[in-house]
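> Dropping the structure in here first, questions after.
The values are calculated or read from the model by the stated rules, or taken from the named source; none is laboratory data. Quantities reported herein were computed from a predicted structural model and do not represent experimental measurements. Neighbour counts are summed over all protein chains in view; Cβ atoms, including those assigned to glycine, are modelled from backbone coordinates with ideal geometry.
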Amino acid sequence: MAARPDTARREFPWSGEIPAATPPGIPAEGRFAAVPPAGSHRPTWPGIGRWFWALWALLAAAGWLPAARAGDGEDVRVEVELIKVVDGDTLQVRLDGKKEHVRVIGIDSPEKWSSKKLDRDLERTGKDRSAMIALGRRASRHMEQLARVRKLSLIFPAGHERRDRYGRFLAYVEGDGEDLGGRMLRDGYAYPYRRFPHPRLDAYDELFRQAVEGKAGLWADEDAETLRDKKEPKSASKRKRRKSRQR
């Protein structure tokens, strides 16, 4: 008697691929690229990525999120809580429950910590390490006095980078409406930081000049021209180089 053909249903393991025809315009090797792997049940909504990034941009423009660069319109102002003064030109604050370091735009003060920057400053000025650190501590104490205010605000200039390469905020700092960076210059505990242009650069230069002439703060005993970093804003340096090449 001839054997009956095996008509029982056979089960084969599913590879996760759906045997469908290749849609027009899509290479055969990529027809299953959008098919989720077996066992994946994550829902997808067409266009949600576009809506997410549009909402993010809207919140950042409103000042509710820390965008990488301030907009080209008006300055952005946010209120913060002071945690501590790190040194004469750097603060630690709390913004929306998160700790942030703030590098005050446009000023520089002597270092009070051993660091690579202190080493560069010592090489540039020829000062003794302990003497430079002592100046840095004086500048830091003065900033501590200025920062004892009821209302502390950060001002991000329009079109200016909001963070430096170390992740610190770059902002003007105001205490009860007073520009603390400008006050540090006026009182003689900082010098202009001119490597990068900013809206208050010329005003800061004038405050520094007046402090030096009046022998305010550190300048009563120290040579301000020896201590300060004399490098010009990058844009100004580039213009000078272009002019020299043209000649």
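> Out of the stretch 115-158, which residues are among the acidic types (Asp, Glu) and surrounded by 16 or more Cβ atoms within 10 Å (Cβ to Cβ)? Show your work before the answer.
Within the stretch 115-158, the first condition is being among the acidic types (Asp, Glu), and the residues that meet it are 119, 121, 123, 128, 144.
Across the stretch 115-158, the qualifying residue is only 121.
> Keeping to the stretch 122-148, report how many residues are in contact with a strand residue (DSSP E or B) (Cβ under 9 Å, 6 or more places away or on another chain) and either among the hydroxyl-bearing types (Ser, Thr, Tyr) or within 15 Å of residue 191 (Cβ to Cβ) (or both).
Residues in the stretch 122-148 being in contact with a strand residue (DSSP E or B) (Cβ under 9 Å, 6 or more places away or on another chain) and either among the hydroxyl-bearing types (Ser, Thr, Tyr) or within 15 Å of residue 191 (Cβ to Cβ) (or both): 4 in total.
> Continuing with the same structure: For the condition modelled with pLDDT under 95 and under 22 Å from the mean Cα position of the chain (by Cα), what is the one hit in 196, 156? Full working, then the answer.
Working: 156 fails: modelled with pLDDT under 95.
Matching residue, one of 196, 156: 196.
> While we're looking at this one, here's another question. Would you please list the contacts, defined by Cβ atoms under 7 Å and residues six or more apart or on different chains, that run from a residue in the stretch 79-103 that is under 14 Å from residue 139 (Cα atoms) to a residue that is part of a strand (DSSP E or B) and of a type in the set (Asp, Glu)?
Every condition considered, the pairs that remain are 89/108.
> From (1) surrounded by fewer than 16 Cβ atoms within 10 Å (Cβ to Cβ); (2) more than 14 Å from residue 147 (Cα to Cα), pick out the condition that doesn't hold for residue 204.
Unmet condition: (1).
> Same structure, new question: Just one of (1) assigned to a loop (DSSP other than H, G, I, E, B); (2) over 27 Å from residue 79 (Cβ atoms); (3) hydroxyl-bearing (Ser, Thr, Tyr); (4) modelled with pLDDT of 95 or more trips up residue 189, so point out which.
Residue 189 satisfies all of (1) assigned to a loop (DSSP other than H, G, I, E, B); (2) over 27 Å from residue 79 (Cβ atoms); (3) hydroxyl-bearing (Ser, Thr, Tyr); (4) modelled with pLDDT of 95 or more except (2).
> In the stretch 207-228, is there at least one residue being in a loop (DSSP other than H, G, I, E, B) and under 23 Å from residue 82 (Cβ atoms)? Step through it out loud before you land on a result.
Let us first name the residues in the stretch 207-228 that are in a loop (DSSP other than H, G, I, E, B), namely 214-216, 221-223, 228.
Next, from what is left, pick out any that are under 23 Å from residue 82 (Cβ atoms): none.
No, the conditions are met nowhere in the stretch 207-228.
> Can you go through 157, 197 and tell me which one is touching a residue at least 24 places away in the same chain (Cβ under 8 Å), farther than 20 Å from residue 91 by Cβ and not charged (D, E, K, R)?
Numbers: 157 fails: farther than 20 Å from residue 91 by Cβ.
After ruling out the rest, the residue left standing is 197.
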